[in-house]
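All remarks here apply to the structure that follows.
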């Protein structure tokens with residue numbers, strides 16, 4: 001849609017206010033308003049979204065009210081800020097009228113040139129959390145999607161703005177909210193996982209001079225067992241998954257088992273966290289660059305991850321020329337093609353559904369911007385440094401989210417770039433032993449672990465150990 005705005009100066013449009021109706025999910029009846037005010041400077045735009053005390057909540061319940069504002073500038077990952085507020089009406093006997101928290105997203109750059117676009121997406125929702133369950137009871141997302149939800153930003157030296165087309169990849173399910181849902185044009189927002197309270201494993205530290213000023217929580221682990229006290233064979237970055245949106249200490253703690261396995265093989269480990277969404281790769285690259293600077297140019301540095309973490313590990317190898325090896329456990333390799341590839345359908349026992357791969361595509365689009373997905377796809381960048389990295393890809397044969405075709409696509413791209421490239425694809429038999437996205441058999445898991453050993457077998461020279469102060 002086009003938006004005409006009067007101007008006070010040549011390239012500073014007057015403020016614009018947009019009002020969206022918050023509607024009950026079940027009935028569609030209006031239940032509040034979300035008002036967003038857009039203001040400009042010469043080069044930037046600010047958006048403030050608020051509801052006022054317009055939202056009616058039933059008595060006897062516990063609700064979480066959320067407001068988000070996202071900004072998407074063409075060619076850049078979206079930026080999002082959200083705020084939550086819990087309202088307990090269990091002591092009330094009548095409807096309570098209240099507000100979702102106001103949110104401001106300030107200083108966002110205005111685009112340059114007529115071919116580019118930029119827009120804000122304000123959004124508010126109400127979730128009933130009574131009894132420990134969650135259900136969406138009201139939200140501001142309109143039936144026409146982005147065309148109704150978005151607030152276009154005028155480019156520099158312009159006074160009109162238009163929204164891009166709605167995202168075309170549709171999910172096979174009813175609308176379930178616009179935050180971290182994979183719905184078309186949905187918003188990627190940080191989902192913090194708190195610590196589980198477990199003690200640090202022996203030989204693991206959360207503070208190291210190599211990572212002063214780190215953007216996220218991390219754990220550095222020393223070699224264990226027969227390798228304890230020795231210089232490491234190499235360094236392994238372990239990268240957690242979670243749709244590019246899970247963050248926090250708890251996410252890193254979930255990866256300790258992976259780190260422990262590599263420590264027992266004589267590796268130093270850097271078990272890294274990262275900020276959510278579009279910041280995820282930048283943070284992983286930050287940890288890698290600091291690790292490289294600390295160990296030196298000759299150190300063998302590798303990365304392993306699961307799901308979104310595996311994607312980030314592969315992307316790291318595509319963007320850094322000196323990654324020695326990558327272990328990808330169910331990692332997407334091409335976010336621009338995954339939506340058309342068939343994954344395992346538990347109902348039929350065959351590779352026959354695209355519903356979940358479309359969801360993964362949309363999570364990637366929310367994190368990085370749909371127009372940027374080729375840039376964030378390791379398979380599309382295999383002709384670069386990735387072809388020189390030793391790669392092991394492992395998928396459960398029953399993976400419903402990431403199709404096996406993602407593994408073969410990366411393999412084919414690497415071999416096309418360099419017929420001597422080392423890329424080992426391991427499709428693990430479906431079974432009851434936990435793996436990424438689906439279970440596997442114990443013999444298949446044992447074989448995968450053996451192939452990990454084969455991947456790193458050429459590493460024979462010890463590297464300089466991390467400072468143990």
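Tabulated data
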| read-out | value |
| --- | --- |
| Least to most buried among 18, 387 (fewest other Cβ within 10 Å first) | 18, 387 |
| Computed [θ] at 222 nm, helices only, for the chain once each DSSP H run of length n ≥ 4 contributes -39500 (n - 2.57) | -6000 deg cm²/dmol |
| Packing-based exposure ordering (other Cβ within 10 Å, fewest first) of 376, 40 | 40, 376 |
| Square roots of five times the Cα gyration tensor eigenvalues for region 192-456, Å | 27, 20, 19 |
| Degrees, to the nearest 10: 404-417 long Cα axis against longest axis of the chain | 60 degrees |
| Sorted peptide list for 296-306, 325-335, 437-447, criterion being average Cβ within 10 angstrom, highest first | 325-335, 296-306, 437-447 |
| Region 168-249 shape via C-alpha gyration tensor axes, a/c threshold 1.5 | prolate |
| Rg and Dmax of region 93-150, Cα atoms only, in Å | 16.7, 56 |
| Protection-proxy order for peptides 58-67, 252-261, 394-403, each taking the mean of Cβ atoms within 10 Å per residue, highest first | 394-403, 252-261, 58-67 |
| Between 0 and 90°, nearest 10: helix 280-295 axis offset from the chain longest Cα axis | 30 degrees |
| Ascending count of other beta-carbon atoms within 10 Å, so fewest first, for 311, 139, 449 | 449, 139, 311 |
| Order by protection proxy (mean Cβ within 10 Å, highest first), peptides 404-410, 343-349, 79-85 | 404-410, 79-85, 343-349 |
| Helix 355-368 axis, angle to the chain major axis (alpha carbon atoms, nearest 10°) | 80 degrees |
| Length released on extending from residue 134 to residue 297, taking residue separation times 0.36 nm less the Cα-Cα span | 53.7 nm |
| 20 Å cut-off, amide nitrogen to a point 7 angstrom out along residue 383 Cα→Cβ, residues in region 319-336 | 319-322, 333-336 |
| Cα gyration tensor shape for the chain, rounded if a/c is under 1.5, else prolate or oblate | prolate |
| Relative pair counts by distance (%), Cα atoms of region 2-162, 5 Å bins | 2, 9, 18, 20, 16, 12, 9, 6, 4, 2, 1, 0 |
| Shape box of region 316-406 [Cα atoms, principal axes, largest first, Å] | 43, 28, 17 |
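Since every read-out is calculated from the coordinates, none of them should be taken as a lab result. Computed from a predicted structure; not experimentally measured. Don't worry about glycine lacking a Cβ; one is built from the backbone with ideal geometry, like all the others, and counts go over all protein chains shown.
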